[in-house]
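The values are calculated or read from the model by the stated rules, or taken from the named source; none is laboratory data. This structure is a prediction, so every number in the text was calculated from the model and none was measured. In this analysis, Cβ positions are derived from the backbone assuming ideal geometry, glycine residues included, and neighbour counts consider all displayed protein chains.
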Amino acid sequence: MKRALTISLLAAGLVGCATSTPQLETEHSYQVEWIGERPLIDRSHLTITLGDDGRAYGNAGCNHWFAGYTLEGDTLSFSAAGSTRKMCAPALMEQEARFLDSLSKVERWDFSATEQLQLWPAEGKPLRLWPESK
């Protein structure tokens with residue numbers, strides 16, 4: 001009897017320690033850390049913000065970008081992205097092109113065990129992002 005009570009109390013305590021599942025937030029910026037299998041170039045700053053109005057936008061490293069998006073449950077897709085037309089160093093332009101191409105292939109999202117946002121294509125590695133400080 002004592003053992004059953006101890007196990008019950010331990011189980012109840014562990015349930016109380018469980019954290020809630022993180023949610024994908026709109027009107028909040030996420031900073032890109034990896035594009036597929038490659039980390040970002042040092043000191044480059046790429047962001048994604050999902051607006052409440054179905055429009056996504058952010059910084060692609062050199063240019064600002066924008067696109068429509070659809071979010072239903074864990075599925076997420078972006079329409080073709082547009083951007084401003086500044087020119088930067090070739091490596092930044094190549095990274096920006098990979099980022100915008102990756103966005104067009106996103107099909108779903110989830111959070112990793114470390115609560116990092118992952119935007120997954122049908123095949124390959126995800127875009128990996130961290131929420132920016134509010």
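Under the condition of being among the polar types (S, T, N, Q) and surrounded by 15 or more Cβ atoms within 10 Å (Cβ to Cβ), which residue from the range 90-134 is nearest to the chain's Cα centre (by Cα)?
Gln118
Under 7 Å by Cβ, and 6 or more places apart or on different chains, what pairs join a residue from the range 81-99 that is at pLDDT 95 or above with one that is polar (S, T, N, Q)?
Every condition considered, the pairs that remain are Ala81/Ser104; Ser83/Asn63; Thr84/Asn63; Arg85/Asn63; Lys86/Asn63; Leu92/Ser44; Gln95/Ser44; Glu96/Asn63.
If you scan the range 18-73, which residues turn out to be charged (D, E, K, R), at pLDDT 95 or above and over 16 Å from Arg98 (Cβ atoms)?
Glu27, Asp52, Asp53, Arg55, Glu72
Filter the range 65-76 for residues that are outside any strand (DSSP E or B) and either out of contact with any strand residue (DSSP E or B) (no Cβ under 7 Å at 6 or more places or on another chain) or surrounded by 15 or more Cβ atoms within 10 Å (Cβ to Cβ) (or both) and give the result.
If the condition is that a residue be outside any strand (DSSP E or B) and either out of contact with any strand residue (DSSP E or B) (no Cβ under 7 Å at 6 or more places or on another chain) or surrounded by 15 or more Cβ atoms within 10 Å (Cβ to Cβ) (or both), then Gly73 is the only one that fits.
Taking Thr26 and the conditions (1) over 15 Å from Leu129 (Cα atoms); (2) part of a loop (DSSP other than H, G, I, E, B); (3) touching a residue at least 24 places away in the same chain (Cβ under 8 Å), which numbered condition does it fall short on, given that it satisfies the others?
Result: Thr26 passes all but (1).
Kindly list the number of the only condition in (1) farther than 23 Å from Thr21 by Cα; (2) under 12 Å from the mean Cα position of the chain (by Cα) that fails for Ile48.
Failing condition for Ile48: (1).
For the range 77-117, what are the residues that are part of a strand (DSSP E or B) and within 13 Å of Gln23 (Cα to Cα)?
If the condition is that a residue be part of a strand (DSSP E or B) and within 13 Å of Gln23 (Cα to Cα), then Trp109, Asp110, Phe111, Leu117 are the ones that fit.
Here are Ser44, Ser77, Ser102: which of them is hydroxyl-bearing (Ser, Thr, Tyr), closer than 17 Å to Tyr30 by Cα and touching a residue at least 60 places away in the same chain (Cβ under 8 Å)?
When all the criteria are applied, what remains is Ser102.
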